[in-house]
Amino acid sequence: MENEVLDFIRENNLIKAGEVIGVACSGGADSMALLNILNNQKEELDCEIVCITIDHMLRGDNSIGDALFVKNFCSEHHIPCWKFSVDASRLAESKKIGVEEAARISRYGVFEKLLKENKVDKIALAHHISDQAETILMHILRGAGLNGACGMEEIRQGNYIRPLLDTSKEAIIKYCHTEDVPYVIDETNADPSYNRNFIRNLIMPELKKRWEGVEQNLVNFSKACREDNQFIMSHARVDGVIISDNVAKIPLAYFHYAPSVINRIIFSTLEKIGVTKDIERKHIEIIKNLAENDNGKKVSLPNGLFAQKEYDYLTLFKVEKKEILDEYPLVVGKLDFAGLYNIVVKRTKKMDMVDGTLLIDEKKVPENAVWRTRRAGDVFTKFGGGSKSLKNYLIDKKIPNRLRDSLAVLADGKEILCILGVEISDKVKIDENTKFALRIEKKEIKK
């Protein structure tokens, strides 16, 4: 079996010479087999192997014992081992999500930290043929389209590899017995309340009775889906999609393409803002229907994702607006506005216009003017004259609704003197009598 796994690693270029591979190991047969194989073949692969074991604090002494079991095995075989503990139950409660999902988020949080700190180059996961077949079936049953039917990839995001993805569960168990590789059995694997256990223990056995080779058939189906999906993706142009932090803006013109191409554009865009889980065909249809709706219409999607139609774009974003009640004085210097961005104010005699900045006459600003967010009844006097409600002015300027409540305005009571990064009021404009001006600039906070 080791030779077959070694061939699979080379065929798919999973490991490069000199890399440090972190093997995610729970103590179960799959991950113990993977750890043993990679450790045996590390010289052949010219790589370093470290073990990563995580106690999710879900099974009391049993989970503590499993982590200790892995550490002892590593100690006996001279494999560096890093042990981590994460409180999946607490995360599930705080985020109002299932324990299974919370454990996954916690686990990958550990992996991502190790990758970002350059302690490992890649994370090796022990998914095998049966896992692949179960994943494909789950995706289909949940309403996934062609993209979901593609199943798991041999290498994902360049950092996560699955060397056993072409290996059967039966071969893994046989390997453990033949090579005297010990392993533990997680008692929760028999709990049908978990979706994967339901598929694995109740559905797949019945399918295997009726259809011989059902797991391999599902895997072959996923490979065909992946080929078709890659062809369609080659026609899904995303050059015009604007990505910034957790926000993506898809031009409405893209929604005139063929449905299959639109679907891929949406999936590809979601991946770019880090949304890869729990998005099903029905959610894609909701996003597509939104493109035909009225401007400003917003819908809520899984995992804190929102979609909103904003003029010529359909915007996908993960962070919902937060209410800002504080007021901040107008001062020369740098002001942290509610942790969202900095307001930089400089006193100057130069009246030249500079892109990205606004100029106001220092003497025309009342002493009690403050920076705050918009409120009901706010009025703005347009540059050049003519007053209207701040709400209508922002609509005229096509400022997206999701941004309006976090937009800083310089206010004197209900009179708005400056809209940060947008415009100044006619009441504070510079003129031939202006001696000193305040140059105002919005700057992002480095995170």
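Report the rotationally averaged projected area of the range 322-440 based on its alpha-carbon convex hull, in square nanometres.
That works out to 7.1 nm².
Percent of accessible area on the chain owned by carbon and sulfur, 1.4 Å probe?
49 percent
Send over a whole-number figure in Å² for the accessible area per residue of the chain, probe 1.4 Å.
Roughly 53 Å² per residue, with all protein chains present.
How much of the DSSP bridge set in the range 296-447 is antiparallel, in percent, rounded to the nearest 5?
The answer is about 95 percent antiparallel.
For Trp211, Trp82, write out the residues from largest to smallest accessible area, computed with a 1.4 angstrom probe and no ligands counted.
Descending order: Trp211, Trp82.
Between 0 and 90 degrees, rounded to the nearest ten: what's the tilt of helix 169-178 against the longest Cα principal axis of the chain?
For helix 169-178, the angle is close to 50 degrees.
Where a ≥ b ≥ c are the square roots of the eigenvalues of the C-alpha gyration tensor, would you call the range 101-200 rounded, which needs a/c under 1.5, or, failing that, prolate if a/b is larger than b/c, or oblate?
Taking the square roots of the gyration eigenvalues as a ≥ b ≥ c, the range 101-200 is rounded.
Going highest first, how would you order 34-41, 324-331 by mean Cβ packing within 10 Å?
34-41, 324-331
Given Cα pairs under 8 Å that are at least 6 residues apart, what percent is the relative contact order of the range 1-131?
It comes to 29 percent, rounded to a whole number.
I want the antiparallel fraction of DSSP beta bridges within the chain, as a percent rounded to 5.
75 percent
Where does helix 99-116 land angle-wise versus the long Cα axis of the chain, in degrees 0 to 90, nearest 10?
With both axes taken from Cα atoms, the answer is about 80 degrees.
Ser234: accessible area at probe 1.4 Å, nearest 10 Å²?
So the heavy atoms of Ser234 present about 80 Å² to solvent.
For a 26 Å ceiling on Cα separation, which of these pairs sit above it: Lys298/Lys397; Lys113/Lys334; Lys113/Lys174; Lys95/Lys116; Lys95/Lys443?
Distance filter (> 26 Å) returns Lys113/Lys334; Lys113/Lys174; Lys95/Lys443.
Sort all Cα-Cα distances of the chain into consecutive 10 angstrom bins from zero, then give the percent of pairs in each bin up to the one containing the longest distance.
Values per bin, smallest distances first: 4, 16, 22, 20, 15, 11, 8, 3, 0, 0.
About its Cα centre, what dipole magnitude does the range 70-165 give when the only charges are +1 on Lys and Arg Cβ and -1 on Asp and Glu Cβ, stated in debye to the nearest 20?
Rounded to the nearest 20 debye, it is 300 debye.
Which angle between 0 and 90 degrees, to the nearest 10, do you get for helix 29-40 versus the longest principal axis of the chain when only C-alpha atoms count?
90 degrees
How about Lys169: which lysines have a C-alpha closer than 29 Å to its C-alpha, ignoring those fewer than 8 places off in the same chain?
Candidates past the 8-residue exclusion: Lys16, Lys42, Lys71, Lys83, Lys122, Lys208, Lys209, Lys223, Lys277.
With runs of 4+ DSSP H residues as the only contributors, calculate the mean residue ellipticity of the chain at 222 nm using -39,500 (n - 2.57) per run, divided by the residue total and rounded to the nearest 500.
-10500 deg cm²/dmol
The values are calculated or read from the model by the stated rules, or taken from the named source; none is laboratory data. Quick caveat: nothing in here was measured; it's all calculated off a predicted structure. Positions of Cβ are generated from backbone atoms using ideal geometry, with glycine treated the same way; all protein chains shown enter the neighbour counts. For accessibility, only protein heavy atoms count, side chains too; no ligands or nucleic acids. Shrake-Rupley method; radii C 1.70, N 1.55, O 1.52, S 1.80 Å.
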